[in-house]
1. Restrict the check to segment 323-330 and report whether at least one residue is in the same structural domain as V374 (by TED's automatic domain parsing), under 28 Å from G42 (Cα atoms) and of a type in the set (S, T, N, Q).
2. So if I check each of E147, E107, E169, which one is in contact with a Ser or Thr (Cβ under 6 Å, 6 or more places away or on another chain) and surrounded by 15 or more Cβ atoms within 10 Å (Cβ to Cβ)?
3. Among the residues that make up segment 345-360, is at least one of them modelled with pLDDT of 85 or more, closer than 25 Å to L269 by Cβ and out of contact with any strand residue (DSSP E or B) (no Cβ under 6 Å at 6 or more places or on another chain)?
4. Filter segment 326-346 down to residues that are part of a strand (DSSP E or B) and of a type in the set (V, I, T) and give me whichever is nearest to E277 (Cα to Cα).
5. In this structure, is L209 under 24 Å from Q108 (Cβ atoms), surrounded by 14 or more Cβ atoms within 10 Å (Cβ to Cβ), of a type outside the set (V, I, T) and modelled with pLDDT of 95 or more?
6. Specify which of the listed residues (K196, K153) is closer than 26 Å to E12 by Cβ and out of contact with any helix residue (DSSP H, G or I) (no Cβ under 6 Å at 6 or more places or on another chain).
7. Has segment 43-51 got at least one residue that is in a loop (DSSP other than H, G, I, E, B), within 30 Å of A128 (Cβ to Cβ) and aliphatic (A, V, I, L, M)?
8. Condition check: farther than 30 Å from Y237 by Cα, among the charged types (D, E, K, R) and at pLDDT below 95. Does R49 satisfy that?
Amino acid sequence: MRSKVIFLADMESFYASVEMSQNPALRGKPVAVCGDPALRHGIILAASREAKDFGIKTGQPAWEARRMCPWVVFVHPHMQTYIDYSLRITRIFEQFTDRVLPYSIDEQFLDLTGSEKILGSPEKIAAALNSRVWEETGIRCRIGMGENLLQAKMACDCFAKKSREAFFELNSANYACYTWNLPISALFGVGHRMEKNFQRIGVRTIGHLAGLPRAMLRRRWGINGEVLWLNAHGIDYSTVEADMVNDQKGVGHTATLPRDYRKQAEIELVLLEMTEEVCFRTRRQGKIGSTVHLYCKGADFDYPTGFSRQKKLPEPAATTAEIYPTVLHLFHKHWDRKPVRAVGISLSGLTAYRQLRLPFSGLYDRQETLAGVVDLVRERFGKTSIFRANSLSPGAQFFQRSGKIGGHDS
């Protein structure tokens, strides 16, 4: 008997599927959703099944997709529409269970334990879910099932997406049989860097990792090594709780720049604008953060450069005046003076309180008051109603990104 019935529902080619739902004339055509190539945002965000048949995949530049399929149909992204569709799908799922956890804009976990007595077998429930989503949104689901979230995720990514039935089940009894022969890169949580680390010690498959001593992995890679060992064995102790979606660990903002930025002053200006955006979003949640993370990517594709570093603040904060000096410190310390094409800032270690600092200084009060006034003005009159004067300088991105969601038009 199954201990749990967990689904991971993944929306097939979500952005492209939404565009085809909005415009049925696109159905059956090789459709690729991408940004504006003129601004160097021409990266494929989603591709329809027909486009994938030509080898087009997410992350490719538009020019490469055009070379692979000269008649590919490029569609500009509409982020607010995708968000609206995702929320509609969540409401559909909530008619089957009250335990729904959105994992990303196109993936959601559902805990259906006990629902078999009312809704039928898991296969029947999966078919009903797929039918409802298709009828109400025109989008198809692929569903992975497991006894925990990890098994459901692995079932979906490794098998359901490649299955004609768009459904696959992993459980404690069959997990090793189906997954241990897969390459180590297929294991959830293993990125490119960790894959190389494993390959250096002869770990090529998930089974190889599962056969290593758990204690050895913990000694070498800490808690992350132990978690990956658990993943290799299909073990996951996390659960689907309704309030988990609100437990956000950090606030971040990443941008691909419209051109290669070579001047230090221009890069610093973009970092200032992004810091302000991150702080605004953090304050809007009623939070402050304790750790600043800065990411910079170099402009050379053949010889990648850049860095990803973080620094803990003296005390939690959420104002530009307190965060930006740390951002600048990280940038000045790690930038190699080579052109930059993408930057990102995040604030983590979020908390809802601040420890009183002694001796007391009125500086904090003034910073918080000023930030609060700016927030009120922008919320009432729009983001561009008040801005820093240097956002009118060359290289500034404030106005270009003010009406966008996730870097794309809403």
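1. No: segment 323-330 contains no residue that is in the same structural domain as V374 (by TED's automatic domain parsing), under 28 Å from G42 (Cα atoms) and of a type in the set (S, T, N, Q).
2. Testing whether each residue is in contact with a Ser or Thr (Cβ under 6 Å, 6 or more places away or on another chain) and surrounded by 15 or more Cβ atoms within 10 Å (Cβ to Cβ) leaves just E147.
3. No, because not a single residue in segment 345-360 is modelled with pLDDT of 85 or more, closer than 25 Å to L269 by Cβ and out of contact with any strand residue (DSSP E or B) (no Cβ under 6 Å at 6 or more places or on another chain).
4. I345
5. no
6. K153
7. No.
8. Yes: the conditions hold for R49.
The values are calculated or read from the model by the stated rules, or taken from the named source; none is laboratory data. Computed from a predicted structure; not experimentally measured. Here the Cβ is made from the backbone with ideal geometry for all residues, glycine too, and neighbour counts use every protein chain on show.
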